[in-house]
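A quick write-up on the structure given underneath.
Read-outs throughout are calculated quantities, based only on the coordinates presented, and are distinct from any laboratory measurement. For clarity, every value in this text was computed on a predicted model and none was experimentally measured. Using ideal geometry, Cβ is built from the backbone for each residue, glycine included, and neighbour counts are taken over all protein chains shown.
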């Protein structure tokens, strides 16, 4: 028999393995989803109407055809169908991020010149980070870019307000190297949800209102920008696009049930509370309609592929595989794969909060975090910026940043 | 993005301060309740979302942390009701029962308990609360608290030596 003291010891010992996600970001995300869910219920009829779906992005004639014949992809990794397959790492080796990726780590101010708190969005290059500077708590007032090579930041644009709407808040942003796009959330006096979609040149300049969506069409979950188009998906599934210069938004044919992951890829699971356990079953390249089916294993939940490597949860902890089912790995070392960053970052990295796993090399890079928290960038696509306090406590003057876009290619 | 920058009505930074200060402790509590890192984070975030809605009132009148912990305990049990079918297979403990006293093993076996029983144990042995307070938090009778605890201890083969001392 065991004693009650054994039980107390087991509970306290178990608590030491508790996850430490960024709760502020998590609660904000949850609140955003609640807003979505209300809209979702209002739009129930529309949801039922889009529930039947084929597996390819097709035009009306039924032929598989490019959704964007003219666009060039900004993606840096090979699509699921192409390229030689390197052998998958057979086991995990633990290293320090500071030892193997010194060029990707830097320290930056946690506030801008006006004392506004920075919130990283994502990396633009090996040295540049796109930031939201908050004029008041969680309220983006300005977008800025910090360059770690010069140690200086510059303004991209002031974030416009809309006094006609209640609760006007800037939501998810996306970048394509030249332009940033984001949507803002608000509601009319009668409660009708409204989303304004904005763009601004990363070189600096005024924000431009591209389009406004209301009612069921306003329930945006993810956004992307690609050259002359802004693309977004809805919480209930379905991908839309509009020219960056404005015009009439168009729903991409055959995009029923799809959610943007990272341009040009979309998947068939959303980010709502009910989707967490559900595994992704396919990856769709929106530029050509190519569909890659995910070869999933039965005991794995929450599988997310973006687009070639997949991550999920198995009973024994974290789970990694390629989309075709090869290279699978189950390990307790990745047990904290969390809701912060459900998709692989750059089709390569997993962020557990205390370490980064490189799926291509099998290395688990631990971070030295003196603070009590950590975060990841807030971009719509999986952010390449991971950060935490550079000093003890909760409110540091400086962030320590790991820019995964600065990590050299896997050998 | 400013994912849901929605604390604007809540006295803003004060709420954030609370989350930053007490978040780690709440996550530990959530993890002990659920035994699963994702569920722990969900539990805490759900409870904090509710807290944020009533922040001004709770901040001034009550103990916000006790409020959050109560929400978490109740939420955990109600989730169990809702997710019962999905979680059944996950809740089978790994490995077979043995008579070893390893606390890691005991931790794993906690996953075999129904959530209500687990919650009662957590409130009693992790939070160190008297049975009457547990009953108030969970909205059940003191007798139910004792019977739930008794069954849970029996399943885990824990001898209830301290039971009398803890009763109020």
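A few notes on this one:
- Here the alpha carbons of region A:166-216 define both size measures, Rg and Dmax, at 12.0, 38 Å.
- Look at where the Cα atoms of region A:1-35 and of region B:34-51 average out, and the two centres are 7 Å apart.
- Taken residue by residue and averaged, Cβ atoms of other chains lying within 10 Å of the Cβ of B:123-131 number 2.
- Cα-based radius of gyration of region B:119-162 once divided by 2.2 N^0.38 Å, which approximates compact folds: 1.05
- Residue exposure sequence - B:29, A:118, A:146 - by fewest surrounding Cβ within 10 Å: A:118, A:146, B:29
- Neighbour counts of other Cβ atoms within 10 Å put A:4, B:133, A:166 in the fewest-to-most order A:166, B:133, A:4.
- Among A:184, B:78, the order by Cβ neighbours within 10 angstrom, fewest to most, reads B:78, A:184.
- Relative packing of peptides A:326-333, A:375-382, B:66-73, A:23-30 - highest average C-beta neighbours within 10 Å first: A:375-382, A:23-30, B:66-73, A:326-333
- Expressed as a fraction of 2.2 N^0.38 Å, the C-alpha radius of gyration for region A:95-229 is 1.15.
- Mean partner shielding of peptide B:14-26, defined as the number of other chain Cβ atoms within 10 Å of each residue Cβ, is 4.
- Shape of region A:168-289 from the C-alpha gyration tensor: oblate (a/c of 1.5 or more and a/b not above b/c, with a ≥ b ≥ c the square roots of its eigenvalues).
- In this label model, residue A:91 and residue A:251 are separated by 5.2 nm, measuring between points 7 Å along each Cα→Cβ vector.
- Backbone N within region A:1-33 under 14 Å of label point (7 Å from residue B:65 Cα along the Cβ vector): none
- Sorted on the mean count of surrounding Cβ atoms within 10 Å across their residues, most packed first, peptides A:122-129, A:199-206, A:394-401 read A:122-129, A:394-401, A:199-206.
- Inter-chain Cβ neighbour average for residues B:30-42, partner chain, 10 Å: 6
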